[in-house]
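Shown next, in structure tokens, is the structure this report addresses.
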Amino acid sequence: MPDLVVHHLSKSYPTPAEPLVVLDGVELELSRGESLAVVGPSGSGKSTLLAILGALDEPTSGSVQIGGVDPFSLSERQQARFRAKSIGFVFQDHYLLPQCTVLENVLAPLLSDGKATSEDADRAAELLRRVGLGERLTHRPAQLSGGERQRAAIARALVRDPLLLLADEPTGALDGRNADAVADVLLSIQSEREGMLIAATHSPEFAARMGRTARLCEGQLLS
Ligand code: ADP
Ligand code: MG
């Protein structure tokens, strides 16, 4: 069985008139090690889909199974634990904690289990080296360039080696050179990972470097 199975997933938002149907029967299967680019015009539902796959939002109907788990069948507490362990997020904006150093930001996802160990700190520092920030461990986010901040956000999303890494337009706020550097880092780490990567993107170059591409069109995901 694939590690991600999405079946007949629909999402609509209530409005004063007709409900706004954003996703209308999305089908998707993905296995460990695979990467998928989700493309489609602005407003086609890419962010909505990623938010549901990451259990940040609920579907209106349909089912999602991630590593055999339906996150929407879990209690709120179990769901939060599942999300922390199995899902990583990279957004267009980095959402780093401004008061914390780069290293502390990358360690933050491990603190939900209690204290970070010295092995955790080693792993975080190694990941930061991997994304080219080995010399920036004690910088604060404001002291980094936009591309560096986004690479720190990637290290943070990967620190627990999630089964499913979700990236919503991770290069969307960057200029060409920095966008390329972020894509390089993401794809090179992904190629060594067992987990899955799904990235929403407007960049044809980035999409072409992912294993598969699917397009959101009228609420459906077309291969
Ligand atoms: P994309 O990421 O492809 O640009 P989104 O998933 O952000 O698209 O949005 C898809 C559609 O859903 C848009 O028309 C947007 O206005 C609408 N939408 C998104 N979130 C909400 C919400 N919380 N309430 C109502 N409508 C929403
Ligand atoms: Mg979006």
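When a 1.4 Å probe is rolled over the protein heavy atoms, the share of accessible surface on segment 4-222 that falls to carbon and sulfur comes to 49 percent. The lysines within cross-link reach of K11, meaning a Cα-to-Cα straight distance under 19 Å and a gap of 8 or more places when in the same chain, are K46. A 1.4 Å probe run over the protein chains yields, for segment 1-121, 53 Å² of accessible area per residue, whole-number rounding.
Taking every alpha-carbon pair within segment 23-71, the share separated by more than 17 Å comes to 37 percent.
Only Lys, Arg, Asp and Glu carry charge here, each on its Cβ (+1 for the first two, -1 for the last two); on that basis the chain has a dipole of about 420 debye about its Cα centre.
Evaluating kT/(6 pi eta Rh) at 25 °C and 0.890 mPa s, with the Kirkwood radius of segment 50-127 over Cα pairs in the Stokes-Einstein relation, gives 171 µm² s⁻¹.
Can you give me the angle between helix 76-86 and the longest principal axis of the chain, using Cα atoms only, in degrees from 0 to 90, rounded to the nearest 10? Around 60 degrees separate the two axes. Between the helical axis of 176-191 and the longest alpha-carbon principal axis of the chain there is an angle of about 80 degrees. Segment 1-25 and segment 112-191 have Cα centres spaced 31 Å apart.
For GluC sites (Glu not before Pro), the sites in segment 85-171 that DSSP calls loop and that have at most 16 other Cβ atoms within 10 Å are E135. Taking every DSSP bridge with both residues inside segment 4-222, close to 50 percent are antiparallel.
Classify segment 163-223 as rounded, prolate or oblate from the Cα gyration tensor: take a ≥ b ≥ c as the square roots of its eigenvalues, call it rounded if a/c is under 1.5, otherwise prolate when a/b beats b/c and oblate if not. Oblate shape, in that a/c is at least 1.5 and b/c is the bigger or equal ratio. In straight-distance terms, cross-link reach from K115 covers every one of the lysines whose alpha-carbon lies under 28 Å from its own, apart from those fewer than eight places away in the same chain; here that gives K85. Here r is the Cβ-Cβ distance between D184 and S61 and R0 is 41 Å; the resulting FRET efficiency, rounded to 0.05, is 0.60. Both the radius of gyration and Dmax for segment 4-222 are 17.2, 55 Å, in that order, over alpha-carbon atoms. Spherically averaged projected area of the convex hull of Cα atoms, segment 1-113: 9.3 nm².
The values are calculated or read from the model by the stated rules, or taken from the named source; none is laboratory data. Please read these numbers as outputs of a predicted model, since none were measured by experiment. Quick reminder, even Gly has a Cβ in these numbers, built from the backbone with ideal geometry, and neighbours come from all protein chains shown. Protein only, heavy atoms only, side chains kept; ligands, DNA and RNA dropped before computing areas. Shrake-Rupley method; radii C 1.70, N 1.55, O 1.52, S 1.80 Å.
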